[in-house]
Amino acid sequence: MIMGASGIFGRNSLFVLYESRLDQDSDDYWPKVRQFLEFTFSIQTAGYASWATALNLKGRQSEVAAIVARGRRRLDSQRRFLQRYTKEWPTGTYGLPRTNTGCPVAAGARWRTGVRRHDTEDDDANNYWTDGLHFDGGFGRNNMEQKFCMKTSSRDGDGSWPRGSYCIFKKGGCPSGFQSGELVWDDEDDDNGNSRSGELPDGRYDRNTRIRYCCRNDGSANRHISL
């Protein structure tokens, strides 16, 4: 009920309700989440310890091992549930495509959003998109929209990127192990309606679009990475 199990609070855990009311763009977001988790875990750990102590005092030592095992299982289950909230993103500044579920859960990093609208070729337009896209944005026959989640503070996060074959959006210098690259869109020539807003990757955004990336190729593209 406190962490990952549904309960009396509208069938949501108390933590989910608490986290949903925080401002993820605030500097106080991650310290408040960390403080809440430390407090609730300490309460639960103390509760199981008190339970085991009471059993010992009452001469029911044979029951202690089962209570300790129960407490460990419960706390391990909650740690797995909280991994998406507590696993921090790598240090540095960079960006990710915004998906149809939004930017990643903050977990020690603050994400700034941005949008690039491409006015692509109107005459004889031939844009097409495969099924199953999970990107947030508009994808039409003669226009498209890219949305971004940008990490702009190098102080946030912890650790480095894993090996693999993938790219991230460039924002400042590339992290260790990456090399810079870029893609250019030759957008509409006549009555160009390109626009931009918010925080964007490094590049050039005028009548055409140039977006810079950081890429690495020291692992298999068929092997998933854990973030």
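Just so you know, the Cα atoms of segment 96-203 work out to an Rg and Dmax of 15.7, 48 Å. When peptides 70-77, 126-133 are sorted by average Cβ neighbour count within 10 Å, with the highest value leading, the order is 70-77, 126-133.
Peptides 203-213, 139-149, 176-186, ordered by how many other C-beta atoms sit within 10 Å of their residues on average, highest first, read 139-149, 203-213, 176-186. Note on the chain: Kirkwood hydrodynamic radius from all Cα pairs is 21.0 Å, rounded to one decimal.
Using a 1.4 Å probe over the heavy atoms of the protein chains, calculate the carbon and sulfur portion of the accessible area of the chain as a whole percent.
C and S fraction of accessible area: 47 percent.
By the rule of a second cysteine Cβ within less than 4.7 angstrom, the chain holds no isolated cysteines.
The values are calculated or read from the model by the stated rules, or taken from the named source; none is laboratory data. What you are looking at is a predicted structure, and each value in this text was computed from that prediction instead of being measured. So basically every Cβ, Gly included, is an ideal-geometry build from the backbone, and we count neighbours across all protein chains shown. Each accessible area value is taken on the protein alone, full model and side chains, heavy atoms only, with ligands, DNA and RNA left out. Shrake-Rupley method; radii C 1.70, N 1.55, O 1.52, S 1.80 Å.
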